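Worksheet for the structure shown next.
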Amino acid sequence: MTDESLMVLVKNDDLEKASILYQRYKKKLYHFYLFRNCNDQEASEDCVQQVFYRMIKYRKSYIEGNNFGIWIYKIAQNVLYQDLKNQAKMNSIQNGFRINEMYTAEPDEYSTIRQAIQLLPEPYREVLIMSKFMELKYEEIAQISNCSVGVIKTRVFRAISQLKEKYNSIA
């Protein structure tokens with residue numbers, strides 16, 4: 001059964017079908033948030049839960065025939081933006097506190113890549129994560145981002161170029 005047909009059933013109040021969509025999308029969404037939340041597993045899990053909560057809450061807004069993946073990733077983006085706002089508020093509250101870097105350092109290559117990704121400008125980081133880690137097609141990313149496929153290709157190219165520079169400067 002396609003994602004779209006499952007979502008139509010969910011829209012028509014067959015909420016048990018939401019669990020199938022959850023199983024299909026939870027891992028990709030988790031990894032999307034994991035890179036965004038600096039490897040904070042708990043925050044990433046919370047964001048995934050929030051996406052599916054909103055999917056059920058706003059199920060009536062799903063338009064039959066539309067691509068479900070694009071719809072759910074737009075919800076994911078909204079959750080991300082809300083999470084970033086919340087983080088900014090927390091950072092302003094904790095402004096006077098410093099975390100000892102000795103306890104947060106991870107010397108492995110994976111953490112270096114994550115650090116380099118975090119240094120990318122937001123539009124580049126977003127398309128890189130969607131294309132390389134979530135394995136979305138450029139056309140899907142373009143629809144989610146409300147821009148052309150050409151813009152997405154350019155952003156991915158620049159993101160990879162900048163990622164190499166950032167990684168080499170950290171490593």
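The values are calculated or read from the model by the stated rules, or taken from the named source; none is laboratory data. This is a predicted model, so every value here is computed, not measured. Cβ sites come from the backbone with ideal geometry, for glycine too, and all protein chains shown count toward neighbours.
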Check your understanding: Does the stretch 44-51 include one or more residues that are outside the structural domain of PHE133 (by TED's automatic domain parsing), closer than 29 Å to LEU120 by Cα, of a type in the set (Asp, Glu) and exposed (fewer than 14 other Cβ atoms within 10 Å of the Cβ)?
Key -> no
Check your understanding: Could you count how many residues in the stretch 128-154 are within 23 Å of GLN118 (Cβ to Cβ), in contact (Cβ under 8 Å) with a residue 60 or more places away in the chain and in a helix (DSSP H, G or I)?
Key -> 4
Practice item. Identify the single condition in (1) farther than 19 Å from LEU9 by Cβ; (2) at pLDDT 90 or above; (3) touching a helix residue (DSSP H, G or I) at 6+ places or on another chain (Cβ under 8 Å) that GLN49 does not satisfy, given that it satisfies every other one. Key: (3)
Exercise for review: Please identify the pairs in which a residue from the stretch 110-121 that is part of a helix (DSSP H, G or I) has its Cβ atom under 7 Å from the Cβ atom of a residue that is small (Gly, Ala, Ser) and at pLDDT below 80, counting only partners at least 6 apart or on another chain.
Suggested key: THR112/ALA171
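Looking for whichever is crowded, with 19+ Cβ neighbours inside 10 Å, farther than 24 Å from SER145 by Cβ, touching a residue at least 24 places away in the same chain (Cβ under 8 Å) and not assigned by TED's automatic domain parsing to the domain that holds LEU120 here; the options are VAL10, VAL79. Which one fits? Working first, answer last.
Details: VAL79 fails: farther than 24 Å from SER145 by Cβ.
Exactly one of VAL10, VAL79 is crowded, with 19+ Cβ neighbours inside 10 Å, farther than 24 Å from SER145 by Cβ, touching a residue at least 24 places away in the same chain (Cβ under 8 Å) and not assigned by TED's automatic domain parsing to the domain that holds LEU120, namely VAL10.
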Exercise for review: Return the residue satisfying two criteria in turn: it lies in the stretch 105-148 and is of a type in the set (S, T, N, Q) and surrounded by 10 or more Cβ atoms within 10 Å (Cβ to Cβ), and of such residues it is modelled with the highest pLDDT.
Suggested key: SER148
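If you take the residues in the stretch 56-70 that are part of a helix (DSSP H, G or I) and more than 13 Å from the chain's Cα centre (by Cα), which one is surrounded by the most Cβ atoms within 10 Å (Cβ to Cβ)? Give the derivation first.
Filtering the stretch 56-70 down to residues part of a helix (DSSP H, G or I) leaves 56-57, 59-61, 68-70.
After this cut, where a residue has to be more than 13 Å from the chain's Cα centre (by Cα) as well, the list is 56-57, 59-61, 68.
On the way: ILE56: 13, LYS57: 10, ARG59: 17, LYS60: 9, SER61: 11, PHE68: 20.
Of everything passing the filter in the stretch 56-70, PHE68 is surrounded by the most Cβ atoms within 10 Å (Cβ to Cβ).
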**Study point:** the stretch 29-55 residues that are more than 15 Å from LEU128 (Cα to Cα) and in a helix (DSSP H, G or I), paired with ones that are of a type in the set (Gly, Ala, Ser) and modelled with pLDDT of 90 or more (beta carbon under 8 Å, 6 or more apart)
**Key:** CYS47/ALA76; VAL51/ALA76; PHE52/ALA18; MET55/ALA18
